[in-house]
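Values quoted throughout were computed directly from the atomic coordinates according to the rules given, and no laboratory measurement underlies them. No experiment lies behind these values; they were computed from the predicted model shown. Ideal geometry is used to build each Cβ from the backbone, glycine not excepted, and the neighbour counts take in all protein chains shown.
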Amino acid sequence: MKKIVISEKDFKAADRAVKKAVELIKRGYQKKKVIHAVKKHLVDLKIPFTPEDAYVAARLRIRAKEKFGELSGKLFFDESGYRYSTPAVVAKYRAERLRGYSIADVSCGSGMQLAFFGINAEKVTGVELDKKRAYLAALNVKALGAEAEVYHGNAYEYRPDEEVIFSDPARPEREEVRTVKSLQPNPLKLAEVFSDRMLVFELPPQMPPERVDSQFQRVKLKGNKGLKGEKEYVSFGFKLNRLAFYSEELSNCDVSAVSLPSGERVTSEDEAVKPGRAELTELIAEVDRTVVHAGLLENLLGKLEIEACVLFGDKRRTVLGLRDVKSSAFLRYYRVACTASSLTECKKLLKKANAKKVTLRFSVDPGKYWDLRNELEEGLSGEKHVYLFRFDGFANRYIICERADCN
Ligand SMILES: C[S@@+](CC[C@H](N)C(=O)[O-])C[C@H]1O[C@@H](n2cnc3c(N)ncnc32)[C@H](O)[C@@H]1O
């Protein structure tokens, strides 16, 4: 384990080089010229940060606005570090949930989650296998004014003082079925090595709760017990974004879903209420897939105390019919304008409905989406943006709606 030390002088020089590179890229300079121009800022640097690294970091600062907002102008990334970095909203939430504990992030990457831990917690340490990325993590800790030590080394060899071991492991780019054992470092092995600590693992969010449980059952703890804990699914911008596993001492329930940035939460402890018989209502609502994937739809209905039925449900989309409105970040409301039995009838009704744009909210072969949309929008001269659902099982299966702001 090698501790990463970055002097104030080297930090400033690296930052100056990236800022200069951003400026030149924005002015349209070619890569070669940018690299040449920033060389002078990096002479005598004691850290492995080359002019090429500054160029890549600059391109990623420009791109990082969406993920990191105003912070992006301070950060240091390589391609892979950026791609797998935790978005600021999620990192902040996770750090808040673990507030009060000392934490070792044993696969810290370029250190985004680590830096957010380091803003909140007393003692925070990062470990990273890739040397360059370990330096990037240390640069990011400094850039965000956080407190954390960073080591270049292997997670399994770390001997922690910290109470919580956190790991957001690297995962294969593609995998037919997402599993825990293909993650690096392997959470099953980490759970055995750090069996005397509280544990938090980020896992591929595609994994349903049962699959997480069945994999962690294999961990060999004292008394041959498997590892149990909370599976927390995080939605960001109405999309499933993350899944974290918290070992028992840190768990509040078996399964939970949280919507960011609002922080609204539903858990397996909320009373479950079954949906009623399917009946088309004037108001319908799409459910954030995160809740359905976590198996918490009935808990959400119970928590919100709403009478609802499921009008449509498949892998990608679940739509409810509702009698009452309850504000929730997990629901996106629509008001039904009219219904049609065929697309030809839809076209006539879209004109009557004063439509201009028609977003299709049912499964269409991606290669044919725009053909169908253009066909439906052809000749429309209205003002409204409408949404077209299709609920097979209803005689009038096409449902033309407008967004309703009920939140
Ligand atoms: C998904 S990234 C972490 C991203 C980080 N949470 C963030 O917010 O920026 C996973 C990192 O784990 C590192 N890694 C893989 N195996 C490791 C091991 N055995 N020990 C330490 N780090 C490891 C990889 O090099 C990679 O940078």
Under 19 Å from the Cα of K368 - lysines, other chains or at least 8 residues apart = K347, K357
When Y135, Y29, Y93 are arranged by how many other beta-carbons sit within 10 Å of their Cβ, fewest first, they go Y29, Y93, Y135
State, to one decimal in nm², a quarter of the convex hull surface area for the C-alpha atoms of the chain, i.e. the direction-averaged projected area.
-> 23.2
Counting pairs of alpha carbon atoms under 8 Å apart in space and at least six apart in sequence, what relative contact order in percent does region 283-403 give?
-> 27
Considering Cα pairs under 8 angstrom that are at least six residues apart, work out the relative contact order of the chain and quote it in whole percent.
-> 9
How long is the gain from R397 to K31 if the chain were fully straight, where each residue apart is worth 0.36 nm and the alpha carbon distance is subtracted?
-> 126.3 nm
In the neighborhood of R159, defined by Cβ-to-Cβ distances under 13 Å, what is the net charge if each Lys or Arg adds +1 and each Asp or Glu adds -1?
-> -3
Between V5 and E378, with labels modelled 7 Å along Cα→Cβ, what's the label distance in nm to one decimal, could you check?
-> 7.2
Expected vector for region 264-273, Karplus 3J(HN,Hα) from phi with 6.51, -1.76, 1.60 and θ = phi - 60°, integer Hz, x for Gly and Pro, equals 4, 9, 9, 9, 5, 7, 5, 4, 8, 10
Under a 5 Å amide H to amide H cut-off, with H placed in plane at 1.01 Å, what residues pair with V150 once short-range neighbours are removed?
-> I4, G126
For D405 and K352 in the same chain, what is the full-extension length gain: residue separation times 0.36 nm, less their Cα-Cα distance, in nm?
-> 16.8 nm
Just list whichever of K31/K67; K9/K33; K20/K132; K20/K40; K2/K46 have alpha carbons separated by over 18 Å in the model shown.
-> K31/K67; K9/K33; K20/K132
Hey, quick one: spin label on Y369, modelled 7 Å out along Cα-Cβ, who in region 329-353 has an amide N within reach, i.e. under 15 Å?
-> none
Contour minus Cα-Cα span, L221 to K12, at 0.36 nm per residue, comes to 70.6 nm
Tally Lys/Arg at +1 and Asp/Glu at -1 over every other residue whose Cβ is under 12 Å from the Cβ of P209; what's the total?
-> -2
